[in-house]
Amino acid sequence: MSLELLLGALLAVAAVVFVAAPFLRAVDPPRAAEPSEEQLVAAEERDRVLAELKELEFDHRTGKITDEDYRALVQPLRRRAADVLENGKPLPEQAPEPAREQHFSQSSLPSSRAHL
């Protein structure tokens, strides 16, 4: 009986080592370069201008702003957006995260999409 326990324990230890080995020798990914203060300011300004332009477009489409007001407001805003995009310093290239695919079974899809 002790031989069987010993073999079982060795098998259990081997399984734990086999499963844990990839985690134990995993290398930490390199750290991304930190953007400078002026790059962050330029990116914030770019985001702010594009958000204003998007909001103006939305307000025009929903009827909150007339066509005349829209034309008067959009041109200066587009010029400002173009200047910011042209003069803004790009942020350092960061490696994109790999896309993660999600797979759904037929039973998990809503009934309206189950036939697709």
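Within segment 33-91, the residues that satisfy the criterion of being among the polar types (S, T, N, Q) and in a helix (DSSP H, G or I) are Gln39, Gln75, Asn87.
Does Arg78 qualify as being modelled with pLDDT of 85 or more and surrounded by 12 or more Cβ atoms within 10 Å (Cβ to Cβ)?
yes
The values are calculated or read from the model by the stated rules, or taken from the named source; none is laboratory data. As the structure is a computational prediction, the values presented were derived from the model and not from experiment. Note: ideal-geometry Cβ built from the backbone for every residue, glycine included; neighbour counts use all protein chains shown.
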